[in-house]
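Student: I'd like to ask some things about the structure below.
The values are calculated or read from the model by the stated rules, or taken from the named source; none is laboratory data. Predicted model only: the values in this text are computed from it and were never measured. Positions of Cβ are generated from backbone atoms using ideal geometry, with glycine treated the same way; all protein chains shown enter the neighbour counts. With ligands, DNA and RNA removed, areas are computed over all heavy atoms of the protein, side chains included. Shrake-Rupley method; radii C 1.70, N 1.55, O 1.52, S 1.80 Å.
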Amino acid sequence: MNYFKHQLSQVDSESIGKDTKIWQYVVVVNGASIGNNCNICSHCFIEGKVKIGNNVTIKAGVYLWDGIEIEDNVFIGPNVVFTNDIYPRSKQFKEPIKTVIEQGVSLGANSTILAGIKLGAYAMTGIGSVVTKNLKSHGLYFGNPAKQHGWVDAQGEKLIFDTQKQLWIGSDSTSYQEHSDGLKKI
């Protein structure tokens, strides 16, 4: 075993990456895929059709349902809530709706994520945000429902608009240009 598993966790999946840490009271269902160097904090549940990339942090109290795909370097704060069925009914099982969390996304504590949306690379949500639609890459969102309140760079720092160059500028002087699905580095 090339990862750490706390003795009070249940890991049935054989697809756990090197140097990943799985803490107490975590359940990982057979078939789930977890990348290298992840940190899965206590009291989490991961269903069998979940894919988690490398260097992902999942804080305590997060349940990941079938259909959720998490790319590399994502941070999921404590008690973030995901759904995978937008029309749930007891004992009526449907194919789970796919939700994609792209690279570098950070989700604030207690955010709620509606099934079937895409969270663009490096997007960030504030505490308690209710996300009901796709998030643009590098967008800063908060509220209920979550609305965009600015832009952030890959480190989570707010970007400033340069009116002369018509570009967004990061704290490290990196320039970003706005596109329909968010910002892209130039």
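Student: Can you tell me which residues in the range 87-110 are of a type in the set (S, T, N, Q), under 19 Å from Y63 (Cβ atoms) and in contact with a Phe, Trp or Tyr (Cβ under 9 Å, 6 or more places away or on another chain)? Full working, then the answer.
Tutor: Within the range 87-110, the first condition is being of a type in the set (S, T, N, Q), and the residues that meet it are 90, 92, 99, 103, 106, 110.
Cutting the leftovers down to under 19 Å from Y63 (Cβ atoms) gives us 90, 99, 106, 110.
Scanning the range 87-110 gives T99, S106.
Student: Another question, then. Scanning for something free of Cβ contacts under 8 Å to residues at least 24 places away in the same chain, touching a Cys at 6+ places or on another chain (Cβ under 6 Å) and buried (at least 22 other Cβ atoms within 10 Å of the Cβ), does the range 33-51 turn up at least one residue?
Tutor: No, the range 33-51 contains no residue that is free of Cβ contacts under 8 Å to residues at least 24 places away in the same chain, touching a Cys at 6+ places or on another chain (Cβ under 6 Å) and buried (at least 22 other Cβ atoms within 10 Å of the Cβ).
Student: Cβ-Cβ distance below 9 Å, separation of 6 or more or different chains: which pairs start in the range 1-25 with a residue that is at pLDDT below 95 and end on one that is surrounded by 13 or more Cβ atoms within 10 Å (Cβ to Cβ) and assigned to a strand (DSSP E or B)?
Tutor: M1/I16
Student: Kindly evaluate I169 against the criterion of being touching a Leu at 6+ places or on another chain (Cβ under 8 Å), more than 21 Å from G67 (Cα to Cα) and not hydroxyl-bearing (S, T, Y). Break it down into steps so the answer makes sense when it comes.
Tutor: Values: touching a Leu at 6+ places or on another chain (Cβ under 8 Å): yes; more than 21 Å from G67 (Cα to Cα): yes; not hydroxyl-bearing (S, T, Y): yes.
Criteria met by I169.
Student: How about the range 143-176: which of its residues are of a type in the set (S, T, N, Q) and either in a loop (DSSP other than H, G, I, E, B) or open to solvent by 80 Å² or more (accessible area, probe 1.4 Å) (or both)? Even if it seems obvious, please write down each step before you answer.
Tutor: Filtering the range 143-176 down to residues of a type in the set (S, T, N, Q) leaves 144, 148, 155, 163-164, 166, 171, 173-175.
Within the range 143-176, N144, Q155, T163, Q164, Q166, S171, S173, T174 qualify.
Student: Give the range 114-128 a look and list any residue that's of a type in the set (S, T, Y) and either surrounded by fewer than 16 Cβ atoms within 10 Å (Cβ to Cβ) or more than 13 Å from the chain's Cα centre (by Cα) (or both), or say none.
Tutor: If we filter the range 114-128 for residues that are of a type in the set (S, T, Y), which is where we start, we get 122, 125.
The answer is none; no residue qualifies.
Student: Please tell me if V81 is without any contact (Cβ under 8 Å) to a residue 60 or more places away in the chain and either open to solvent by 50 Å² or more (accessible area, probe 1.4 Å) or over 28 Å from E157 (Cα atoms) (or both). Outline the logic, then answer.
Tutor: Working: without any contact (Cβ under 8 Å) to a residue 60 or more places away in the chain: yes; either open to solvent by 50 Å² or more (accessible area, probe 1.4 Å) or over 28 Å from E157 (Cα atoms) (or both): yes.
Spelling it out, V81 is indeed without any contact (Cβ under 8 Å) to a residue 60 or more places away in the chain and either open to solvent by 50 Å² or more (accessible area, probe 1.4 Å) or over 28 Å from E157 (Cα atoms) (or both).
Student: Also, quick follow-up: Kindly indicate which of G104, G31 is among the small types (G, A, S) and within 17 Å of the chain's Cα centre (by Cα). Steps first, answer last, please.
Tutor: Numbers: G31 fails: within 17 Å of the chain's Cα centre (by Cα).
Matching residue, one of G104, G31: G104.
Student: Restricting attention to the range 84-113, and to residues there that are β-branched (V, I, T) and outside any loop (DSSP other than H, G, I, E, B), which single residue is most open to solvent (accessible area, probe 1.4 Å)?
Tutor: Applying the first criterion (β-branched (V, I, T)) to the range 84-113 yields 86, 97, 99-101, 105, 112-113.
Checking the rest, the ones that are also outside any loop (DSSP other than H, G, I, E, B) come to 99-101, 112-113.
Values: T99: 1, V100: 29, I101: 0, T112: 47, I113: 1 Å².
That would be T112.
Student: Test N54 against the criterion of being without any contact (Cβ under 8 Å) to a residue 24 or more places away in the chain and in a loop (DSSP other than H, G, I, E, B), and give yes or no.
Tutor: Working: without any contact (Cβ under 8 Å) to a residue 24 or more places away in the chain: no; in a loop (DSSP other than H, G, I, E, B): yes.
No; evaluated as a whole, the condition is false for this residue.
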